[in-house]
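Below: one structure, written as structure tokens.
Every number in this text was worked out from the coordinates using simple rules, so none of it is lab data. All values derive from a computational prediction rather than experimental measurement.
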């Protein structure tokens with residue numbers, strides 16, 4: 001009872017294994033299309049871990065388009081990590097557009113990470129790239145904002161190793177800034193925006209890139225801020241702050257000098273008071289030593305009293321005349 005079951009399982013497994021290694025339907029399709037692919041070639045693809053449909057289907061497509069490709073070429077490209085179907089489509093599109101493109105060149109472009117089919121399509125139908133808003137300042141200080149549309153065509157020969165769209169946009173932005181910056185008046189830029197495209201286009205900005213620039217069209221030109229006036233205002237504000245800081249420094253130095261002078265005045269007054277305090281001591285010493293008599297001292301007092309009376313009479317009407325020296329000193333100390 002078990003032997004027929006084992007035989008049936010073995011037969012089913014053998015049939016599945018046979019159809020796995022030998023895709024009969026794909027082989028028949030290749031023969032019907034005129035593509036010579038042997039059964040052993042299909043088995044070899046399976047052993048090399050290459051899906052036969054990834055090779056045979058592009059071969060059928062290329063054969064119908066009149067392009068001669070071998071299975072070894074397609075297998076080597078697939079094993080290198082390339083997209084076989086996209087490369088074949090690019091070769092067919094290039095042949096229809098009469099663009100010279102070999103399989104090796106298309107495979108190199110595909111392995112370089114670029115979409116070779118899109119590059120061929122861009123060679124036939126140029127692509128329009130819009131730049132971001134490029135801000136530049138003319139010589140009169142007025143800011144000008146420019147937006148440009150760049151029509152580019154893929155250069156098949158420079159796709160490998162050539163710079164991409166970002167480089168093209170950066171160069172165009174640099175050219176716009178240079179052209180606007182060299183204009184004496186921003187009105188000239190507004191009146192003739194085509195001057196920007198002509199100057200930028202004449203610089204050969206597509207050298208070393210994977211594209212060929214066909215035209216540069218100025219889409220929009222707007223006037224921005226008056227950068228020159230703003231810079232002058234900022235400079236004036238900075239100069240004003242510097243002048244204020246220097247004036248404040250001079251004021252602080254003057255205040256410090258004034259306080260220093262007041263301290264010196266007080267010091268001199270203290271010395272005067274000290275010196276005046278020595279006068280009564282000297283008079284007392286003179287009285288003790290007999291250098292002056294009592295009558296001499298009384299006469300001196302009378303003279304001083306007479307002098308003060310004369311000064312008081314001469315200053316009638318002046319309120320300061322009735323102020324004592326102590327009051328005057330106190331007022332000066334408050335000041």
How big is the antiparallel share of DSSP beta bridges in the chain, given as a percent to the nearest 5? 95
Counting every C-alpha pair in the stretch 204-247, the percent lying more than 17 Å apart is 65
By the Cα gyration tensor axes a ≥ b ≥ c (a/c under 1.5 gives rounded; else a/b larger than b/c gives prolate, otherwise oblate), the shape of the stretch 127-228 is prolate
